[in-house]
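Here the structure is laid out as structure tokens; the discussion comes afterwards.
No value in this document is a laboratory result; all are computed from the given coordinates. Just so it is clear, the model here is predicted, and its values are computed rather than measured. Because the Cβ atoms are built from the backbone with ideal geometry, glycine has one as well, and the counts that use them run over all protein chains shown.
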Amino acid sequence: MTITIYGIKSCSTMKKAFTKLDEVGINYDFHDYKKQGIDKETVQHWVDELGIDKVLNKRGTTWRKLDDSQKQAADASVDSAIDLLVGNTSMIKRPIIEGQLEDKNQGQSLLLCGYDEGVFDTTFQ
């Protein structure tokens, strides 16, 4: 089982995800995109698989602090939204979990966005 959890260390939602993964004995790598950044290709993959509405967090303070022209550009163009996400990683919904669960689903790829305890229970137990 090889998974990476992407997010920001100090986020309370991330702490819930870390706790749950630790409780069920899932080993993971952590990618802190506040410190390590994130590349456009990775964000593009997430958006292609999950949709921009799932990946872009419009409820956070970072989105609210954008000026209207930035918000309109993000709403009008997925490419503009992805550029904003790469430049403002706090706007990426957390956590994003990506990888393989060999024993659970015969090596199929896994991509989750956001913390939902029921989904985590079903996926990781």
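Some values worked out for this structure:
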item	result
Region 9-67 - Rg over Rh from alpha carbon coordinates, Kirkwood radius	1.01
Efficiency of FRET from Cβ geometry, Asp68 and Gln36, R₀ 30 Å, rounded to 0.05	0.45
Distance violations [Cα-Cα > 20 Å] among Lys35/Lys93; Lys9/Lys65; Lys15/Lys65; Lys15/Lys35; Lys16/Lys93	Lys9/Lys65; Lys15/Lys65
